[in-house]
Structures are given as structure tokens and as C-alpha cells.
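Trainee: The following block contains the structure, expressed as C-alpha cells.
The values are calculated or read from the model by the stated rules, or taken from the named source; none is laboratory data. Remember, it's a predicted structure, so these values are computed and weren't measured experimentally. Positions of Cβ are backbone-derived with ideal geometry, glycine not excepted, and every protein chain shown enters the neighbour counts.
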Amino acid sequence: MWRDDLRGIFYIALKDMRTYYLKPPSVSWGIVFPTAWILAFYLRNPQNFEQLVPGLIAMTILFSTTAAEAVVINFELRLGSLERLLLAPISLPAVLLGKVIGGTIFGLMMTMVVTVGSVLGLGLFQVNLVYLALIIVPSLLVFSSLGALLCVLVKEVFEAQTLLNAPRFIMVFLSGVVYPVSAMPLVLQYIAYLMPLTYTVDGLRQSFSPSLSIFVFVDTLVLLGFFVLFVLPAIRLLYRRFV
Amino acid sequence: MENVIEVTNLTKRYDKILAVDHINFEVRKGEIFGFLGPNGAGKTTTIRMLTGLSRPTAGNARVLGYDIVSEIVEAKKHIGVVPEISNLYDELSALKNLVFMAQLYGIPCNQRKARAEELLKTFGLYERKDHLFGTFSHGMKRALTIAAALIHSPKLLFLDEPTVGLDVAAARSLRNLIGNLRHQGVTIFLTTHYLEEADLLCNRIVILVKGRILKIDTPEMLKAVAEEESIIEVSFKKLTSKIVEGLSERLPELKVIATNHNKVRIYGGVPVYVLEKVLQYAKDGDAEIDEVNSVKPSLEDAFIKITGLSPSIMATEKGGRR
């Protein structure tokens, strides 16, 4: 049975990539928007662009993974094509994980473009690739599953997109993407540490730092915890909707 | 004969609505088994439970020997489902849609394309294999949806209202295809609210109303139920509701039902007496009669007799098509 599920996850992710993700709206939302946003800060203060790179990568992870979740879930729910997947001999968690992995792979592609571009363009060769992988991969899973969770909560595509925008923009402002969390008022710092993007940004900053830090592993564990926290209720909600 | 579906006290409740109410039936290997009933009868809910899309509130069922709750993933390997809505992917071509289904059902890599192309040829869609599903007509979408359900050569095929929304020619072609599938040994579970479709295709029919099974039998035996009483069909030049009401008043003990094309059917009574009353009614100047016939009962007549419902409840849902 697990082999059927793995096959299902793989082909659902592949189909979503071909059908929805690798299309201009997803690419622009996933990569152009974060780049334009960070460029706006760069133009304001061109001297410290290197410090904005972790934030740029974190935003790319966040926006690319959630770029098409509303389409892959709510649009398919409306058309009944998600139901078709559930008629196949694979489990319901496998169907949802296929959707999450599709977003994760697309996010990884977009993040690779931005990361490699930043490293080569700015000469940031001191980056720790192991740390980078330990932060990027769990972060992609976290935000893809967050997108899936919010999408299965509602019915319509526009409702899902509206619902997704709230955590996206709150996290961009409070998770240290542009302003360090330590510089924020104490109350906002507490709120920031409830958000997964804070751990993504923190882990990415440590990946680009020349010193080695054990806190990267803490960030990874917290991010994996967030993944479980988002994906399990998403599966449960999908069960309630169908079974 | 071997049963491929066995249903015992299957029940589904949505809050206060009892959609399916303790139904029991078996489907035999190789037959076309029809679920006939008006909209809201519980046909689709039953299919959803039998295919794992909905969990029963009570009761149990086995599909191809597998329990529909605990072993449904295994059962899905051997069943094909054609939902009421043609729900393949608009953004994929006909061929890619079928290949994707072949991937999901675990058909070996080297056989997927050949199997998809074989089905496209069978359904007359091969020439359009590279066209997007979204560009297909309703009939072509329906045909491809059925092809997708057959990609893994299922032993049992669920067809939920397969001809809804199709034009007459496409519906006829689809019915021929369903008949051919049966000859290939596929057991078919068909839901429909088209009485003539059930009569044409099914070996046995369940009449389902408000979630309850009223009768299970062959079309012939169901029609025999209606044969117990006489049926007089009267064609008027122009049938109005006033005529139907007028006839009902003159024949209060009988059932007078408007069918189609300015016709009414009068069920029961002694034919000579009924005829006399009808002619008297016409003579009184209330209506002009074209033709009077004694008719052999159809499945529609059996449906009326068994359910007590007017056939218009089914006709209305067809958007006027009968």
C-alpha cells in the first residue's frame, strides 16, 4: 500500500507542476514579487544588500510554495478533479501530500534560482550549504502545508487567496525579513517566535554567517514541528470534507 | 451467481437529512444493475459510499469482496468510477489525462501510452488525442471520462447519470458502449433518472425514493406489476391542466396523469367504462380528442404504480428532455 501511496504522491506532484505551477502567474508570484519587494529596500539602502539576502530567500520560499495552493486545491475541489484523485487506489493523506510536495518542488526550484543568483551575484561564497539545506527543505514543506491547510478550510479560490494573504504579509513584517526581530518591541518579538518564517530567516542568516551555530538545528526541528502542526489538521479537514 | 456488491442496512445521514435509509441489495457478476429514482433519492450518495468517497453512518457493504470502510483502497484497484461531472483536467490533453490516470492506477510504464491510445480509438477520440480536455464538447468529455475509468480494466464500473446533458445521438452512442462493456464481462452499476435508459440497459433495477428501496426486480417483472391494471391513453388536440382536472373529477377513483405530447394516461378501472366517461367528457365540449388507445405498460407506468409519483418528477430534472 505504501508503494501505491508513494507512486500517487509522485505523480500528483508531477501533474500539479506541469498543470499549474510552471505557468507565468505562479512563477511571477513566486519569484518576481519577492525580488521586487527586496529591491525596493535595496534602493533605499544599497550598502547592506547582503543582509537582505536571507529575507529575500525566505520570502521566495514563502510566496513560491503558496503561489498555486488555492488553484491546486480549491479549484480542483470546485471542478471535482480532486475527487477523481480520491477515487484512485491511494490513501487520502497521500493525495494531500502529493499537493504539498508539488508546492515544495516548485518552491525549491524558485528558491534555487534566487539563492544561486544571490550567492554568485554578491560573492557570498562563505555560505554553509548543509545549513542552507537544513533550513530551506523543512521551510518549503512548512509553507506548502500551511497553504494546503488554509485552502482546505474554505471552498472558493478567492477565499483561499484572501486567507493566504493574511499570514503571508503578517509574517513578512514580523519575522525579521527586513527588520531584525531583536529590534522589535518585546510583544512583537513574542508574536514573531510563533511564526515559522522567523525560524526560516534566522536559520538562513546563520547559513550565511561565517561562524558555525548549533541553533540552525533548533530552527530545523522547530520548522519540522510546524510542518506536522499544519499537515495533520489539513489531512483531517480533507477527511471531514470527503469521508 | 457470484455477487460483486453486497449491501446490508447501508445508511447515510447528513445532520437531520436521512439520505440513504437502511438499504439492502446485491449486484451479481456481469449484470447491469440500475439505480432508478428522482433527484435526491440517494443514488449518488450510495455510489459515493460504495466507492469510498463517503463513510456510511450505519450498515456495511462489500465491493468485490472488500469492506468499503477498512479495505476500500484495495477495492479501488478493481473498480472504475464515472462521476456525474466529467472531472478530468482541462489543462491536459486527452492522451495526457489518460496517461495520468494510468500512472495513478499503477499500470506499468511501458503499457500506459498503448492502453490510453487503445481507449481513445475505442471511444473515437484518437484523432483528438493531443487536444486539451477543456476544448472538448460535453459528449466528448463524457466519453473521455468513461475511458479514464476503464484505463485499468476494472471488473466493476460505477456510472453515475452517464447520459445527463448529452444530446440524443451522443446518449444513444454511450448506451451502445455501456452495452458493449457488459458483453466484455464488466459488471456495471448505473444510476439514472431516465426511465427509458434503465429499461433499455439494465438487467435488474432498484427503484429508490427518499433513500429507501421500494422495489428490486428485472424491468420485465417491474412492468408486470403495472400490467395488473388497464391503461387507457387519450391524445387530445390540445391538452390543458383543466382537462386533466376535469377527467380526474369524472373518474375520481382512477389515476389520471398527463404524460407528454398532449396525452393523458388513465390507470385502472374497466376499459369500456373509462372510455365511455372520457368520450362523454369530450362530448360535453370540454376537449377535442385525437386518439384513444389501450397501451402496454412501460417502465414509466410501473414506476408510477410502485412509487405513486408522477413521472414529471423525473422529466422535470431532464430539463424538458424525455
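Trainee: Restricting attention to region B:85-105, which residues are touching a residue at least 40 places away in the same chain (Cβ under 8 Å), assigned to a loop (DSSP other than H, G, I, E, B) and either in contact with a strand residue (DSSP E or B) (Cβ under 7 Å, 6 or more places away or on another chain) or within 8 Å of chain A (Cβ to nearest Cβ) (or both)? So that I can check it myself, show each step before the final result.
Mentor: First pass over region B:85-105, keeping only residues touching a residue at least 40 places away in the same chain (Cβ under 8 Å): B:86-94, B:97-98, B:101-102, B:105.
In the following step, the residues that additionally are assigned to a loop (DSSP other than H, G, I, E, B) were identified as B:86-92, B:105.
B:87, B:88, B:89, B:90, B:91, B:92, B:105, listed by residue number.
Trainee: Something else now. Residues to consider are B:160, B:217; find the one that is touching an Asp or Glu at 6+ places or on another chain (Cβ under 9 Å) and among the charged types (D, E, K, R).
Mentor: Working: B:217 fails: touching an Asp or Glu at 6+ places or on another chain (Cβ under 9 Å).
Answer to the check: B:160.
Trainee: Does region A:189-199 hold any residues that are exposed (fewer than 14 other Cβ atoms within 10 Å of the Cβ) and part of a helix (DSSP H, G or I), and which are they?
Mentor: Across region A:189-199, the qualifying residue is only A:190.
Trainee: Within the bounds of region A:126-148, is there any residue that is under 19 Å from residue A:53 (Cα atoms), touching a Phe, Trp or Tyr at 6+ places or on another chain (Cβ under 6 Å), among the hydrophobic types (A, V, I, L, M, F, W, C) and surrounded by fewer than 24 Cβ atoms within 10 Å (Cβ to Cβ)?
Mentor: yes
Trainee: Hey, any hits in region A:141-156 for a residue that's without any contact (Cβ under 8 Å) to a residue 40 or more places away in the chain and assigned to a helix (DSSP H, G or I)? Write out each step before concluding.
Mentor: So the first thing to find is which residues in region A:141-156 are without any contact (Cβ under 8 Å) to a residue 40 or more places away in the chain, and the list is none.
No, region A:141-156 contains no residue that is without any contact (Cβ under 8 Å) to a residue 40 or more places away in the chain and assigned to a helix (DSSP H, G or I).
Trainee: Another question about this same structure. Residues in region A:25-32: is at least one hydroxyl-bearing (Ser, Thr, Tyr), more than 14 Å from chain B (Cβ to nearest Cβ), out of contact with any Lys or Arg (no Cβ under 6 Å at 6 or more places or on another chain) and in a helix (DSSP H, G or I)? Talk me through it step by step, then tell me what you get.
Mentor: Narrowing region A:25-32 to residues hydroxyl-bearing (Ser, Thr, Tyr): A:26, A:28.
Now drop any that are not more than 14 Å from chain B (Cβ to nearest Cβ), which leaves A:28.
After this cut, where a residue has to be out of contact with any Lys or Arg (no Cβ under 6 Å at 6 or more places or on another chain) as well, the list is A:28.
Then drop every residue that is not in a helix (DSSP H, G or I), which leaves A:28.
Looking for residues that are hydroxyl-bearing (Ser, Thr, Tyr), more than 14 Å from chain B (Cβ to nearest Cβ), out of contact with any Lys or Arg (no Cβ under 6 Å at 6 or more places or on another chain) and in a helix (DSSP H, G or I), one finds at least one in region A:25-32, hence yes.
Trainee: Here is a follow-up. Would you check if residue B:118 is surrounded by fewer than 17 Cβ atoms within 10 Å (Cβ to Cβ), over 22 Å from the mean Cα position of the chain (by Cα) and within 11 Å of chain A (Cβ to nearest Cβ)? Full working, then the answer.
Mentor: Values: surrounded by fewer than 17 Cβ atoms within 10 Å (Cβ to Cβ): yes; over 22 Å from the mean Cα position of the chain (by Cα): yes; within 11 Å of chain A (Cβ to nearest Cβ): no.
It is false that residue B:118 is surrounded by fewer than 17 Cβ atoms within 10 Å (Cβ to Cβ), over 22 Å from the mean Cα position of the chain (by Cα) and within 11 Å of chain A (Cβ to nearest Cβ).
Trainee: While we're looking at this one, here's another question. Kindly list, by first and then second residue, each pair from a residue in region A:232-243 that is closer than 17 Å to residue A:76 by Cβ to a residue that is of a type in the set (Val, Ile, Thr), limited to pairs with Cβ atoms under 7 Å and residues at least 6 apart or on different chains.
Mentor: Within 7 Å, the pairs are A:234/A:152; A:237/A:152; A:238/A:152; A:241/A:152.
Trainee: Moving to a separate point now. Determine which member of the set B:208, B:222, B:214 is touching a residue at least 12 places away in the same chain (Cβ under 8 Å), under 20 Å from residue B:295 (Cβ atoms) and among the hydrophobic types (A, V, I, L, M, F, W, C). Explain how you work it out, then say what you get.
Mentor: On the way: B:208 fails: under 20 Å from residue B:295 (Cβ atoms); B:214 fails: under 20 Å from residue B:295 (Cβ atoms).
Result: B:222 is the single residue among B:208, B:222, B:214 that is touching a residue at least 12 places away in the same chain (Cβ under 8 Å), under 20 Å from residue B:295 (Cβ atoms) and among the hydrophobic types (A, V, I, L, M, F, W, C).
Trainee: Name the single residue that is modelled with the highest pLDDT among those in region B:69-83 being within 8 Å of another protein chain (Cβ to nearest Cβ) and under 12 Å from residue B:162 (Cβ atoms).
Mentor: Per the criteria, the residue is B:81.
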